[in-house]
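Here is the structure we will look at, set down as structure tokens.
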Amino acid sequence: MKSPLLELPGAVAADAPDQEVAAHYGEPAQEQRALEAGEAFVDRSNRGVVRVTGPDRLSWLHSLLSQHLNALRPHETTQALLLDIKGHIEHHLHLVDDGEAVWIHVEPGAAESLAAFLDSMRFMLRVEVEDVSERYAVVTSGKDLGAVRTLDDVVGTAQIIERSALADLPGKARPAGIWAYEALRIAAHRPRFGLDTDHRSIPHETGLIDIAVHLDKGCYRGQETVARVHNLGRPPRRLVFLHLDGSVDRLPAHGDPVEIPGGRTIGFVGSAARHHELGPVALAVVKRNVPVDAELLAGGVAAAQEVVVSPETGGNAKITLRRTAGNRA
């Protein structure tokens, strides 16, 4: 669904997966500052919106997702993951319960498959699942834009509004493009599913273990991998924040190789942006054992790394070896 805000003067469409919304409206740096100051809004109406109703909704979602949802209070925002049986991330959900329904927003194009999966798992429970993306849209702003529901975000709040109200938003706040939001997200070290992850990503690699996973619950698909890595092992990769060489007139592209001097590939670039204060920055996934002070090349651009996920994450079990009497010194 192409956003009506792409018809605004100066609007430039973003690249995939955000091609249905504006990258910017002619002033990327100023838009980013306005967004950070709470004076602008970002059109994120390409994101999918799913609504779950019914008296069993929280206990049911609790049994399927990585987050503890049984005791979720009305209007409390949280995040959750839907994992496959091997613990790989299939969906990253941002959600809130309003006392009558759980509102979820997910990546562009993901609502249909998420709703289909959830619907297939209803069995005899008192829940209803609906993909409401055609009626509702997501925007992010520090201003109140007449939201149906609001959720915490990296800047301002993510607001679910009636899609029909999108065209009227420029009368309430300055529009800022998705480039502005992405720059602030990257600077906040927040990974984006599908850009900073791949088909092999597990929660411990991405930093989402601290945001979207409750480690004191079990019995959900993929939980065995989460528990095993947390207690016994360490993930093979880790998320890093990159300060890119500002003298280069380009950003590395999504999927570009991350290399160490000598040309050995040790990871891939996730998302990159130009931050109004930090300059060009990126998130990348690299092998866990890459030294944290190693200079890197990201798509051929020199980069200094900043730790997001520690190489020592996971492996929290303290194992004490017991000796037999005959082996004691």
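The values are calculated or read from the model by the stated rules, or taken from the named source; none is laboratory data. All values derive from a computational prediction rather than experimental measurement. Backbone-built Cβ (ideal geometry, glycine too); neighbour counts: all protein chains shown. Heavy atoms of the whole protein, side chains included, go into the accessibility calculation; ligands, DNA and RNA do not. Shrake-Rupley method; radii C 1.70, N 1.55, O 1.52, S 1.80 Å.
Observations
- Each Lys and Arg Cβ is given +1 and each Asp and Glu Cβ -1; about its Cα centre, the stretch 86-158 then shows a dipole of about 100 debye.
- Here the relative contact order of the stretch 196-329, from alpha carbon pairs under 8 Å that lie six or more residues apart, stands at 30 percent.
- Along the stretch 261-278 the Karplus relation, 6.51 cos²θ - 1.76 cosθ + 1.60 evaluated at θ = phi - 60°, assigns HN-Hα couplings of x, x, x, 7, 7, 10, x, 9, 7, x, 10, 9, 7, 9, 8, 5, 10, 7 Hz to successive residues, with x for each Gly and Pro.
- Ellipticity estimate at 222 nm from DSSP helix runs (n ≥ 4, -39,500 (n - 2.57)) divided over the chain, nearest 500: -4000 deg cm²/dmol
- For Rg/Rh (Cα atoms, Kirkwood Rh), calculated from these coordinates, the label among [x] 1.10; [y] 1.01; [z] 0.96: [y]
- Residues whose placed amide H lies under 5 Å from that of H214, excluding near-sequence neighbours: Q67, H68
- Within straight-line reach of K172, meaning a Cα separation under 24 Å, sit the following lysines at least 8 residues removed in sequence or on another chain: K2, K143.
- Solvent exposure, largest accessible area first (probe 1.4 Å, DNA, RNA and ligands not counted), of R51, R163: R51, R163
- Centroid-to-centroid separation of the stretch 2-54 and the stretch 88-102 [C-alpha atoms, Å]: 22
- Stretchable slack from V154 to S63, in nm (0.36 nm times residue separation minus alpha-carbon distance): 30.0 nm
- Computed lengthening from D216 to E306, 0.36 nm per intervening residue step minus Cα-Cα distance: 29.5 nm
- The chain - percent relative contact order, Cα under 8 Å, separation 6 or more: 18
- Excluding same-chain neighbours fewer than eight residues apart, the lysines reachable from K287 by a Cα-Cα span under 30 Å are K86, K217, K318.
- Protein heavy-atom surface of the chain, 1.4 angstrom probe: 49% of the accessible area is carbon and sulfur, with nucleic acids and ligands not counted.
- Between the listed residues S66, G99, V148, the Cα displaced farthest toward the positive end of the dipole of the chain, a dipole computed from Cβ unit charges relative to the Cα centre, is found at S66.
- Taken per residue, the accessible surface of the stretch 174-329 reaches 50 Å², heavy atoms only and a 1.4 Å probe.
- Sorting the segments 204-213, 256-265 by their residues' average number of neighbouring beta-carbon atoms within 10 angstrom, most packed first, yields 204-213, 256-265.
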